[in-house]
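Report on the following structure.
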Amino acid sequence: MDVRAVYNEKEIGFLIEWDDPFQDNEHHRNRGVKTFKNRFVKAVGEIPREPGIFRDSIALQFPVKPTLKRRIPFFRGDSNNPVNLWGWKSDAEAGGGTPVEDNNALGIRSPISKQSEGEQRVRGKGFWKDGRWHVVMIRTLQAEDEDDIQFAKDRIIHIAFNVWDGSNGEHGLIMGLSTWRLVYLDVPPSNHFRRG
């Protein structure tokens, strides 16, 4: 997975790109799986995979209250450390709907809660080309909702990634995931030279 970020005075944007040989734009649980889409190796103790046709998707995860003073669980946080999830879904993109959702989570044992329509501030777009997904997600640096991550210059922010490969039967808690990485909104150096 390749990730790049840019920001200006108002917004921050992330470009996420990853390899995926099949473009999975449908999501139907408990339906027959196409023969080429059912070739995965089950890991020991793995959550059983349901039959179905599953979408490709990705989520960016941020702690709602970033800190370097305590450990925040990197897999959906916990009840004391909520996380903000920006999720993109290929089936919504293909269907002409809104492909990005702004969600929150309080740990893997709690269901993800979608923020209300008025609190949906993340926008994005994605496309698949030559065996690779390209997804962009953008939001304002600051948001009015206290359940959203607040970006600020000269501040270190944790970020983690969840990615689902529909052809591999991945859905729900079956996914590829990363541990925390760091985003730092560096203050650009001054263009002015001092004479001394």
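Under the condition of being in a loop (DSSP other than H, G, I, E, B), surrounded by fewer than 19 Cβ atoms within 10 Å (Cβ to Cβ) and among the charged types (D, E, K, R), which residue from segment 71-109 is modelled with the highest pLDDT? Only one residue fits best here, namely ARG109.
Would you confirm whether any residue within segment 157-173 is open to solvent by less than 20 Å² (accessible area, probe 1.4 Å), at negative phi and among the acidic types (Asp, Glu)? So far as segment 157-173 goes, no, none of its residues is open to solvent by less than 20 Å² (accessible area, probe 1.4 Å), at negative phi and among the acidic types (Asp, Glu).
Once segment 1-46 is narrowed to residues that are open to solvent by less than 90 Å² (accessible area, probe 1.4 Å) and aliphatic (A, V, I, L, M), the residue that is modelled with the lowest pLDDT is VAL33. For first residues located in segment 110-122 and under 21 Å from ASP78 (Cα atoms), partners that are among the polar types (S, T, N, Q) and surrounded by 16 or more Cβ atoms within 10 Å (Cβ to Cβ) and lie 6+ apart or on another chain with Cβ distances below 6 Å form the pairs ILE112/ASN103; SER113/ASN104; LYS114/ASN103.
Restricting segment 110-137 to residues that are among the charged types (D, E, K, R) and assigned to a strand (DSSP E or B) leaves a set whose member that is most open to solvent (accessible area, probe 1.4 Å) is LYS125. Residues that are within 15 Å of the chain's Cα centre (by Cα) and buried (at least 19 other Cβ atoms within 10 Å of the Cβ) within segment 138-156 comprise ARG139, ASP148, ILE149, listed in sequence order. Restricting attention to segment 51-102, the residues that are out of contact with any Asp or Glu (no Cβ under 7 Å at 6 or more places or on another chain) and of a type in the set (D, E, K, R) total 9.
The values are calculated or read from the model by the stated rules, or taken from the named source; none is laboratory data. Keep in mind that what you see is a predicted model, and the values were worked out from it rather than measured. Backbone-built Cβ (ideal geometry, glycine too); neighbour counts: all protein chains shown. Just so you know, the surface numbers come from the protein's heavy atoms only, side chains and all, with ligands and any DNA or RNA stripped out. Shrake-Rupley method; radii C 1.70, N 1.55, O 1.52, S 1.80 Å.
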